[in-house]
Amino acid sequence: MKLYNFFRSSAAFRVRIALNLKGLDYERISKAFAKNEHRAADYLALNPQGLIPALEIDGAVISQSLAIIEYLNDLNPQPALLPADPLSRAQVRSMALAIACDIHPLNNLRVLNYLRKDLAQNDDGVNTWYRHWVTEGFRGLEQQVAKHSSARRYCFGDTVSLADVCLVPQMYNARRFETDLTPFPTLVAISTHLESLPAFDSARPEAQPDAK
């Protein structure tokens with residue numbers, strides 16, 4: 001199993017957490033964004049989307065972090081990252097997608113680079129953009145998670161789920177861009193607890209071999 005990875009990619013961060021939770025061994029293959037290694041011909045032949053991460057397993061390549069995580073969850077059901085009943089599964093997916101579809105795409109590196117290079121935004125402008133969209137996304141998620149979290153340790157109920165796997169990398173980036181997290185005490189409490197767990201801690205960017 002090979003994970004095409006970059007230490008600071010929040011989408012790859014999600015997959016590393018899931019692999020750790022499942023106790024799976026894998027080889028990391030770094031694709032440095034600064035060197036455009038994710039746009040090289042050999043990688044595009046594997047993953048035409050040219051994005052990180054991608055997982056190569058048994059000769060097949062899967063792109064998109066949530067698709068990878070759900071595939072791993074199907075192959076290795078324990079610990080389950082999605083609840084058994086359809087309503088609960090949909091609620092957890094809703095939380096995960098609020099991050100993966102509504103927050104992250106507006107703030108990933110290619111968008112920030114476009115703001116800087118093509119729209120001539122300075123660092124203050126880019127950082128304001130970033131913090132705005134995190135705040136907008138977290139506002140609704142805070143209420144949703146507060147309703148479904150049992151004791152502010154996990155996003156849904158009292159076990160780890162796909163929503164938690166998405167929350168921690170997004171919270172990491174929110175702190176990196178100095179987002180005011182005061183309005184989101186539930187999300188902060190849950191993320192703080194999750195970050196203390198070995199599967200999450202060992203997946204953090206600073207712990208990766210290609211960290212710089």
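Read-outs: derived from the displayed coordinates by stated rules, not from any lab. Predicted, not measured: the structure shown is a model, and the values here were computed from it. All Cβ positions, even for glycine, are placed from backbone atoms using ideal geometry, and neighbour counts span all protein chains on display.
Side notes on the structure shown:
- Sequence-distant residues sharing a close amide H with SER149 (under 5 Å, placed H): GLY157
- Gyration tensor (Cα) of the range 59-130, equivalent ellipsoid semi-axes in angstrom: 34, 16, 7
- Helices meeting the span-like rule in the chain (full DSSP H runs, Cα extent of at least 30 Å along the helix axis, mean Kyte-Doolittle score of -1.0 or higher) are absent.
- The chain, helix-only ellipticity at 222 nm - DSSP H runs n ≥ 4, -39,500 (n - 2.57), divided by all residues, nearest 500: -16000 deg cm²/dmol
- For the chain, a crude dipole built from +1 on the beta carbon of Lys and Arg and -1 on the beta carbon of Asp and Glu, taken about the Cα centre, is about 260 debye to the nearest 20.
- Note on the chain: along the principal axes its Cα atoms extend 46, 45, 29 Å, ordered by decreasing extent.
- Cross-link table LYS22/LYS212; LYS22/LYS147; LYS2/LYS35, entries beyond 25 Å C-alpha to C-alpha: LYS22/LYS212; LYS22/LYS147
- Tail beyond 19 Å, pair distance distribution of the range 86-199 (Cα, percent): 44 percent
- Rg in Å to one decimal, and Dmax rounded to a whole Å, for the range 2-79 via C-alpha atoms: 12.0, 37
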